[in-house]
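Below is one structure, written out as structure tokens; comments come after it.
The values are calculated or read from the model by the stated rules, or taken from the named source; none is laboratory data. In this text, all values refer to a predicted model and were calculated from it rather than measured experimentally. Neighbour counts are summed over all protein chains in view; Cβ atoms, including those assigned to glycine, are modelled from backbone coordinates with ideal geometry. Only protein heavy atoms, including side chains, enter the accessible area calculation; ligands, DNA and RNA are left aside. Shrake-Rupley method; radii C 1.70, N 1.55, O 1.52, S 1.80 Å.
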Amino acid sequence: ELLYQGLKPEQILLITFTRKAAEEMIQRTERLLNQSPLRIQGGTFHAMLLIMLKLHGRAIGLQPKFSLMDEDDAQGLIHLLSSKRGFATRPGFPKKHHIGTLFGRIANSLTSVADTIALHFPWMEAHTPQLTALYRSYTEAKWQQQRLDYDDLMLLTYKLLCLHEPTRIRLGQQYKAI
């Protein structure tokens, strides 16, 4: 439909949630258009945001050779930083996977540590000051090491589009349909 309305394949971006859905979406589009390889760009949210940050991330201080941490790497960094600060041995201090979930919620909702804990993790409230300090350390360590977690892909793309008008304009001209 979009192609019949005059859009070029390069102006269309197909995005979905899972790899399986992305593969199926691209295969169906190739069959529908009888075109392989497909000139319409597509993939998962995370894959497309990773590409955008690799291409345009310099505008917000991100080096193109940044690396992406999986969940285990992110939790390992959280545990390391928590241990260095002596938090991991505090009675009742949340485990690294719970802290990772908290930090993901903070990044995806653009809310503060304290507000996120109060709204979604009230059982962590006694540790709010330590978790606030740990979140700051975690975000600083990731930035210094140029290592991102999956939540950073959305957060930094949002930041890029909000703060860097030339990139926002360029992508808006490149993609006419998402």
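For a 25 Å ceiling on Cα separation, which of these pairs sit above it: Lys8/Lys159; Lys54/Lys84; Lys84/Lys142?
Correct reply: Lys8/Lys159; Lys54/Lys84.
Against the longest principal axis of the chain, how steep is helix 128-145, in degrees 0 to 90 to the nearest 10, with axes from Cα atoms?
50
Measure nothing fancy, just the Cα-based angle from helix 150-163's long axis to the longest principal axis of the chain, in degrees from 0 to 90, nearest 10.
70
Per residue, what accessible area does the range 1-50 have, given a 1.4 Å probe and all protein chains present, in Å²?
Numbers: 3560 Å² over 50 residues.
Ligands and nucleic acids excluded, the result is 71 Å² per residue.
Roughly how many percent of the accessible protein surface of the chain is carbon and sulfur, given a 1.4 Å probe and a whole-percent answer?
54
Using 1/(1 + (r/R0)^6) with R0 = 41 angstrom and r between the beta carbons of Thr89 and Ala21, what's the FRET efficiency to the nearest 0.05?
The pair Thr89/Ala21 has a calculated efficiency of 0.45.
Using the Cα centre as the reference, give the magnitude of the dipole from point charges on the C-beta atoms of the chain (Lys, Arg: +1; Asp, Glu: -1; all else neutral), rounded to the nearest 20 debye.
Computed charge dipole of the chain: roughly 340 debye.
Sort Met154, Met52, Met69 by heavy-atom solvent-accessible area, probe 1.4 angstrom, most to least.
Met154, Met52, Met69
Please work out how much accessible surface Arg39 shows to a 1.4 Å probe, ignoring ligands, DNA and RNA, in Å² rounded to 10.
130
Please name whichever of Ser67, Leu155, Ser109 sits farthest to the positive end of the charge dipole of the chain, dipole taken about the Cα centre and charges placed at Cβ: Lys and Arg +1, Asp and Glu -1.
So the residue we want is Ser67.
Using a basic spin-label model with each label point 7 Å from the Cα along Cα→Cβ, how many nm lie between Leu32 and Tyr158?
Roughly 2.9 nm, to one decimal.
Can you tell me which of Pro129, Pro94, Pro37 moves the most in a GNM of the chain? Springs connect C-alpha atoms under 10 Å apart.
Per the Cα network of the chain with a 10 Å cutoff, Pro37 tops the list.
Heads up, I need the accessible area for Asp70: 1.4 angstrom probe, whole protein in place, Å², nearest 10.
Estimated to the nearest 10 Å², Asp70 gives 70 Å².
Between Lys176 and Thr139, what length in nm is gained on full extension when 0.36 nm per residue of separation is reduced by their alpha carbon distance?
Gain in length upon complete extension: 10.0 nm.
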